[in-house]
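Have a look at the structure below before the remarks.
The values are calculated or read from the model by the stated rules, or taken from the named source; none is laboratory data. Computed from a predicted structure; not experimentally measured. Ideal geometry is used to build each Cβ from the backbone, glycine not excepted, and the neighbour counts take in all protein chains shown.
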Amino acid sequence: MTDSNAKPKLALYWAASCGGCEITVTELGLRLVEVGELVDIVFWPCVMDFKYSDVSGLDDGEIDVCLFNGTIRTSENEHLAKLLRQKSKVLVAGESILERVYDTAPSLDDSRGTLTHHYVTDERGILEKVNLIVGTTNNYAAIGMSIKKAAQGLIQPGKPVSDGTLNTIEMAFRAYDPCMACATHTLPGQMGLPVRVYNHE
């Protein structure tokens, strides 16, 4: 018999991804206690010492919602994806979080800047629309200005631009710890980063 007063069971898994969005959830800090009052977290290896046997021991469909962050890159990722799908009523594939949490915390500050998650659900709580505005998106202008300033200081008129110089300029970009896949909603490996060097003409 199902206990109608039981809290919904939630699982979170971080597969092949940068993990920035999942780590940012931990920056809810003490508000995670409030999340624990709403749901029963039965699997979240990023934060707590869960074992795969904990998931295997659950009944099929016992997990109400699983938030599956990232893509499949290893056999372990594939195994967990299939296992969590079997054990979950709903598996959300992507970087996402329950609307009821972000209703009260729509924006968070992480190491990259302000992170905003916007979710729209139907009357059953099923996601219909997801939009992520991540720190990298908010940093576009600053990243562009930093790259420009670095390039102006390192590239000399009439001198060839070496790979070492380009790598040094790239440090201005990397300083923001960017996640371009999240910021552009483009899967990793499908987006090139062209570098064009122009003179004053």
Exercise. If you go through the range 60-83 one residue at a time, do you hit one that is out of contact with any helix residue (DSSP H, G or I) (no Cβ under 9 Å at 6 or more places or on another chain), under 23 Å from Leu132 (Cα atoms) and part of a helix (DSSP H, G or I)?
Worked result: yes
For this session: Go through the residues of the range 146-167 one by one and say whether even a single one is among the β-branched types (Val, Ile, Thr) and closer than 27 Å to Leu28 by Cα.
Result: no
For this session: Determine which member of the set Ile147, Ile133, Ile97 is among the β-branched types (Val, Ile, Thr) and either under 30 Å from Tyr198 (Cα atoms) or at pLDDT 80 or above (or both).
Result: Ile147
Exercise. Leu32 fails exactly one of the following numbered conditions: (1) hydrophobic (A, V, I, L, M, F, W, C); (2) modelled with pLDDT under 85; (3) crowded, with 20+ Cβ neighbours inside 10 Å. What is the number of that condition?
Worked result: (3)
Exercise. Out of the residues in the range 150-169 that are surrounded by 10 or more Cβ atoms within 10 Å (Cβ to Cβ) and touching a residue at least 12 places away in the same chain (Cβ under 8 Å), which is farthest from Leu115 (Cα to Cα)?
Worked result: Val161
Exercise. In this structure, is Ile72 more than 21 Å from the chain's Cα centre (by Cα), of a type outside the set (Lys, Arg) and surrounded by 14 or more Cβ atoms within 10 Å (Cβ to Cβ)?
Worked result: no
